[in-house]
């Protein structure tokens, strides 16, 4: 099952529409890695709303996708984890540690917008301020540094 990946500004949105096999999850990983580079995306939302089960392989793969894409400069948010799924994951000790999560697509977009706004302000604050250029006119020198 192919997962559609939509481009929305600087973000990619992957909406899982049915249960995915292990092969499908690995294909999703490869597709996202390719598109982040292709579109220079700053954020990824993976919508898992329709999933009734998120097993250990899916959890590890989603976490690996998020960490891999973070190394490529894109923040990943998993949205739409159902309450029963979240409860089962906690009971089984499955975590998405280090991966952002949100209730739904709208909150995921808000999260990415806030994160990118903070990132932009940090970049602006880190930019060196322009300094006045030093004057190379020295007393007793004329032209290109030759003495009189």
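The values are calculated or read from the model by the stated rules, or taken from the named source; none is laboratory data. No experiment lies behind these values; they were computed from the predicted model shown. We place every Cβ from the backbone using ideal geometry, glycine too, and count neighbours over all the protein chains shown.
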Positions within segment 91-113 being surrounded by 14 or more Cβ atoms within 10 Å (Cβ to Cβ) and in contact with a helix residue (DSSP H, G or I) (Cβ under 8 Å, 6 or more places away or on another chain), in sequence order: 94, 96, 99, 100, 102
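In a helix (DSSP H, G or I), over 17 Å from the mean Cα position of the chain (by Cα) and without any contact (Cβ under 8 Å) to a residue 24 or more places away in the chain, is that true of residue 87? Reasoning before the result, please.
Values: in a helix (DSSP H, G or I): yes; over 17 Å from the mean Cα position of the chain (by Cα): yes; without any contact (Cβ under 8 Å) to a residue 24 or more places away in the chain: yes.
In short, yes.
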Matching residues, segment 58-77, being buried (at least 19 other Cβ atoms within 10 Å of the Cβ) and in a loop (DSSP other than H, G, I, E, B): 74
Name the residues in segment 32-55 that are in contact with a strand residue (DSSP E or B) (Cβ under 8 Å, 6 or more places away or on another chain) and more than 21 Å from residue 81 (Cβ to Cβ), would you? 35, 36, 39, 41, 42
Residue 80: passes all of (1) loosely packed, with under 12 Cβ neighbours inside 10 Å; (2) modelled with pLDDT of 95 or more but (1)
Could you count how many residues in segment 9-45 are surrounded by 16 or more Cβ atoms within 10 Å (Cβ to Cβ), in a loop (DSSP other than H, G, I, E, B) and under 15 Å from the mean Cα position of the chain (by Cα)? 2
Please tell me if residue 55 is out of contact with any helix residue (DSSP H, G or I) (no Cβ under 6 Å at 6 or more places or on another chain), surrounded by fewer than 18 Cβ atoms within 10 Å (Cβ to Cβ) and more than 18 Å from residue 13 (Cα to Cα). yes
Quick check on segment 97-105. Is at least one of its residues modelled with pLDDT under 95 and on the phi > 0 side of the Ramachandran plot? yes
